[in-house]
Amino acid sequence: MAILRCGPAPAEQLVTRDAAPLFGTAEVGSHDLSIFPKWRHTLQAFGEEVKNCRPGGCAGEWWTFVESLRGEDVMTQLRETNVRLNEKSYVSDSVNWSVPDYWETPFQFMSKGGDCEDYAIAKYMMLRDLGIPADAMRIVVLQDLSLHVDHAVLAVHIGGTHFILDNRYSDIVPANLLPNYQPLYSINENGWWLHLPEPDSSILAENTKTIFSMTRTSAAPPVGVDVGGTFTAQLASLPTRAAAIAASEGIRARYPDIIKDLDLSTRRVDLGAKGIWYRVLAGQFGPRDTANSLCTRLRTANPPAACIVVAAW
C-alpha cells in the first residue's frame, strides 16, 4: 500500500470519537482528507466509473454480487462480502501497476486483483452500495505485531462492536480478539483518525504541528530481508514512535530542499535483545545507487545529517 505522509489538521478541526475506539487505542481525528491524495483519487475515480458505466458494459460481476446480497441481514452481507472478495488474487502494486504504491478502484480490483488495501477498499465500497453508512466503516492501516509486517483491513461498526474484514481470513471477528493488530490510522470518505496507545494520546492533541509519517502498508517480509535489491535511506532510529515522529518533523524542516516531496515513514523493528525501535525512512527506492545519492546529499549538507542505506521491501 501507499506510503502516506500525514499531517494533523489545525487544532479546531481535531475531534475525538465518543464511540469505543478501535483496538483499545486513543483516537484523534479530522475531517480534512487533503493529506490523502491517493484515497481521494480512488473515491473520485470510482464515482466516475460508476457514473459512466453502462448496463452490462462494466464490472458485471460486481453488480451481480451486490444485488445478490441486497436485502440480506447485515452480518450475512459482511460475511459474504469478505469471503467473495477474498477469492480475488493477491497481486502487488509493482506487478499490477509498475509503481510501488497504487490504490485501486473496486472495478480495477475485480479485474486485476490487488494488495491488502485494495481488498479493504473494495469491501468498503461494496458494503456502502448495500446501504451500510460510511460513518460505520473505516479502512484501517495497522501493524501486525506477531509477524512484524504492515497490513490493511476493513473495520465495520455494528451493534457496538468493530468487526474486522481481513483478506487473510474468511471469518469476520471482533477487533478485540485481534490483540496483535496495532492500528496506525483509519480512514473513510468523511475523515481520518490517528491511533495512539493511551499513554501517548496527549502527544498529538498538544502538538498539532507534528508531521506524521505513516508506514507502507502492503504485506512485507521481516525486517532485514533484502527482497529484489530494493533499498531505502534510514535517517534515524529511536526507541519510541513519538520520538521518531518528532525526528521526522525536524529532518523535513532542516532539509526542505533535499527531502522535497519524498515520503518519510516510520518503521517499527524488533532488534531482539536491543528491544523495539522505530526507524525513520525516506522514500521507497529501487537500486542502491538511488538511496546512496540521497544519503550523500544529506551527509554533506550544512549541518550534516545521519543517513545509512538499508534494504527495503
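Values in this text are rule-based calculations from the coordinates and carry no lab data. Computed from a prediction, not measured in an experiment: that's the story for all the values here. All Cβ positions, even for glycine, are placed from backbone atoms using ideal geometry, and neighbour counts span all protein chains on display.
Given R₀ = 25 Å, FRET efficiency for VAL173-SER89 by Cβ-Cβ distance, to 0.05? Walk me through the intermediate numbers first.
Numbers: r = 23 Å, r/R0 = 0.94.
For VAL173 and SER89, the calculated efficiency is 0.60.
Can you classify region 221-311 as rounded, prolate or oblate using the Cα gyration tensor, where a ≥ b ≥ c are the square roots of its eigenvalues, rounded means a/c under 1.5, and otherwise it's prolate if a/b beats b/c and oblate if not?
On the way: a/c = 1.96, a/b = 1.16, b/c = 1.69.
The shape class here is oblate.
Arrange the peptides 234-245, 266-277 so that the one whose residues have, on average, the most other Cβ atoms within 10 Å appears first.
Details: 234-245: 19.2, 266-277: 13.8.
Highest mean packing first, the order is 234-245, 266-277.
Do you know the relative contact order of region 5-206, to the nearest whole percent, from alpha carbon pairs under 8 angstrom that are 6+ apart?
Working: 308 pairs, mean separation 52.1, N = 202.
Over region 5-206, the number comes to 26 percent.
Give, in whole angstrom and from largest to smallest, the semi-axes √(5λ) of the equivalent ellipsoid of region 68-147, with λ running over the eigenvalues of the Cα gyration tensor. Show your work: numbers first, answer last.
Values: eigenvalues 109, 45, 27 Å².
Listed largest to smallest, the semi-axes of region 68-147 are 23, 15, 12 Å.
Short version: what are the Cα gyration tensor semi-axes of region 5-206, square root of 5 times each eigenvalue, largest first, in whole Å?
Working: eigenvalues 149, 72, 59 Å².
For region 5-206, the ellipsoid semi-axes come out as 27, 19, 17 Å.
For the residue pair SER34 and ASN302, what label-to-label distance in nm results when each label sits 7 Å from Cα along the Cα-to-beta-carbon direction?
3.4 nm
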